[in-house]
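Participant: Sharing a structure here in structure tokens format.
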Amino acid sequence: MEIKDYQAGDEKAILHLFELAFGKPMREQYWRWRFEQNPEGRYYIKLMWEKDLLVGHYAVSPCSFVVDGEIMQGALSMTTMTHPDYNGKGIFKILAEELYSFVAKKYDTKCVMGFPNKNSHYGFIKNLSWKDLAVIHHLVMEASCVKPCLSPMITRKETFDQSHADLLKQVTSAFRVSLNRSVDYLNWRYQENPFNKYYIFECRDTILLGFLVVKLYPMPDGSYGVFVVENGIVMENISLLPEFLSHIIASFDVKISRVHTWLPLFDQRHIYYEKNGFVLGGNQTFLGVRTLDSSLRPLLTEFKNWYYSYGDSDIF
């Protein structure tokens, strides 16, 4: 077996391996958006070949972080997959260590963060020296807590501009570590996403006062859940939250049963979300990190330093 970097055309074998490994297809358009059109970088991928047969794959998606006010290179752990006939040969560990070493040396990548599921969590912690930061709980609010009502103050926006990035910078400034939510990143992550539809709701006076980015998810009972993927209401304007929720629920011509979000417990806004009916619920998610710069390990492995949102994960 031989390890190689991605070469043009390998995506056909990658997409085939994905279907073998997970029993469902990955759209080529999604793959190109995530790995080819990412404004932070392209093709952070290591492949294991047995002659002409692709038997292993590991990729990370580059992203920049704000660490104590400085921009640093990082990455989001993405798809790990092994050909079913080659399970148990340690391919994932070999590829991951090779990729981590490569991105640290070539791109000065400081860390790889991710949200391992229950199937991959053991391998990340046991074999790849990842550090568990936390088990993340969803905050969930029953839609019945809110009376739907359209607000003249809140409008839909189709794209992000610098005011949205600036507001999120205010939100995340209370934390030592956060994803760099630049305008380019926000538009790529949400508005250029070929697979999911996101909605930007904002409130402006003479300036932008707050905004929420949401996505609809179909629920088993036929209703829909609203998932708030970015919480762009700053603390000084948190009183706008009920009006936002009321307006958003009234904006869709489907039955909304619940509103979901992630919000760090150490975020000052957390108690105000609780006050407006949000409680812990839903599935739990692991958050972990592999530090590639030992000087940053104490900072990066302390959970209270991290700001995160649904949008940090590739699942949402």
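Participant: In this structure, does T159 turn out to be in a loop (DSSP other than H, G, I, E, B) and not hydrophobic (A, V, I, L, M, F, W, C)?
Facilitator: When the stated conditions are applied, T159 passes them.
Participant: Okay, next question. If we keep just the residues of the stretch 142-162 that are without any contact (Cβ under 8 Å) to a residue 24 or more places away in the chain and not acidic (D, E), which is nearest to R189 (Cα to Cα)?
Facilitator: Selected residue: Q162.
Participant: Within the stretch 81-96, work out how many residues are of a type in the set (S, T, Y) and surrounded by fewer than 21 Cβ atoms within 10 Å (Cβ to Cβ).
Facilitator: Of the residues in that region, 1 qualify.
Participant: I'd like to check something: does the stretch 86-93 contain any residue that is closer than 30 Å to L20 by Cβ, modelled with pLDDT of 95 or more, part of a helix (DSSP H, G or I) and charged (D, E, K, R)?
Facilitator: So far as the stretch 86-93 goes, no, none of its residues is closer than 30 Å to L20 by Cβ, modelled with pLDDT of 95 or more, part of a helix (DSSP H, G or I) and charged (D, E, K, R).
Participant: Just one of (1) more than 18 Å from the chain's Cα centre (by Cα); (2) surrounded by 13 or more Cβ atoms within 10 Å (Cβ to Cβ); (3) not assigned by TED's automatic domain parsing to the domain that holds V279 trips up K126, so point out which.
Facilitator: (2)
Participant: Go over the candidates V226, V259 one by one and state the one that is among the β-branched types (V, I, T), in contact with a Gly (Cβ under 9 Å, 6 or more places away or on another chain) and surrounded by 16 or more Cβ atoms within 10 Å (Cβ to Cβ).
Facilitator: V259
Participant: Let me ask something else about it. If you take the residues of the stretch 1-26 that are assigned to a loop (DSSP other than H, G, I, E, B) and touching an Asp or Glu at 6+ places or on another chain (Cβ under 9 Å), which of them is surrounded by the most Cβ atoms within 10 Å (Cβ to Cβ)?
Facilitator: Out of the qualifying residues, it is M26.
Participant: Here is a follow-up. Could you run through the stretch 27-68 and say how many residues are part of a loop (DSSP other than H, G, I, E, B) and either without any contact (Cβ under 8 Å) to a residue 24 or more places away in the chain or not assigned by TED's automatic domain parsing to the domain that holds K105 (or both)?
Facilitator: Number of matching residues: 4.
Participant: Which of the residues belonging to the stretch 298-314 are assigned to a helix (DSSP H, G or I) and either closer than 14 Å to R189 by Cβ or in contact with a helix residue (DSSP H, G or I) (Cβ under 9 Å, 6 or more places away or on another chain) (or both)?
Facilitator: L299, N305, Y310, G311, D312
The values are calculated or read from the model by the stated rules, or taken from the named source; none is laboratory data. Not measured: the values here are computed from a predicted model. Every residue, glycine among them, receives a Cβ derived from its backbone with ideal geometry; neighbour counts consider all protein chains shown.
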